[in-house]
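First the structure, in the form of structure tokens, and then the observations on it.
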Amino acid sequence: EMAHKAGRLSKPRVILDMSTAPVDSIKENGRWTAGTDSHLQGPIDESLLELLFAAGWIDDIFSYLPHLCLSSLRLLESFLEKLSGRKAEYLSKVKAAIYAELARERRFYGDC
């Protein structure tokens, strides 16, 4: 319902979904505006990383590293490896977070 209200107010919408179902629903119940509305069709972690990078907000993710699960940290590491520029600085922070998460999991789960 929120997406439909936003559309009626001409507010841009970003849909994160693997399928076209949310976009199809918006089109059936209102209008989808190309160039204003966006559909990021893919895994949510990857879509959010692409969105953060495109918006210039990728630096903001580093304060959240202690809260990310191991799979999200590894996906972030893979994403950053494809970047140029401050890649070394980014990767060292993520690798440290991966090491910390592995240590936390070992304490929590033991050596399974």
Counted residues in region 72-88 being touching a residue at least 12 places away in the same chain (Cβ under 8 Å) and within 16 Å of D45 (Cα to Cα) come to 8
Look at region 67-83 and say how many of its residues are assigned to a helix (DSSP H, G or I) and surrounded by 11 or more Cβ atoms within 10 Å (Cβ to Cβ). 11
Restricted to region 84-112 and to residues being among the acidic types (D, E) and in a helix (DSSP H, G or I), the residue modelled with the lowest pLDDT is E89
Of the residues in region 28-84, how many are closer than 30 Å to S10 by Cα and of a type in the set (G, A, S)? 9
Which of the residues belonging to region 22-44 are part of a helix (DSSP H, G or I) and open to solvent by less than 60 Å² (accessible area, probe 1.4 Å)? P22, V23, S25, I26
Does region 84-111 hold any residues that are open to solvent by less than 50 Å² (accessible area, probe 1.4 Å), within 19 Å of the chain's Cα centre (by Cα) and more than 13 Å from L68 (Cβ to Cβ), and which are they? Y90, L91
Where the second residue is of a type in the set (D, E) and the first is in contact (Cβ under 8 Å) with a residue 12 or more places away in the chain and lies in region 89-103, which pairs have Cβ atoms under 8 Å and are six or more apart or on separate chains? L91/E77; L91/E81; V94/E77; K95/E77; I98/E77
Just give me the residues in region 45-58 being open to solvent by less than 70 Å² (accessible area, probe 1.4 Å) and of a type in the set (D, E, K, R), in sequence order. D45
For F62, indicate whether it is open to solvent by less than 40 Å² (accessible area, probe 1.4 Å), at negative phi, part of a helix (DSSP H, G or I) and of a type in the set (F, W, Y). yes
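The values are calculated or read from the model by the stated rules, or taken from the named source; none is laboratory data. Computed from a predicted model, the values in this text were never measured in an experiment. Methodologically, a virtual Cβ is constructed for each residue, glycine included, from the backbone with ideal geometry; neighbour enumeration extends over all protein chains shown. Note: accessible area is taken over every heavy atom of the protein model, side chains too, but ligands, DNA and RNA are not part of it. Shrake-Rupley method; radii C 1.70, N 1.55, O 1.52, S 1.80 Å.
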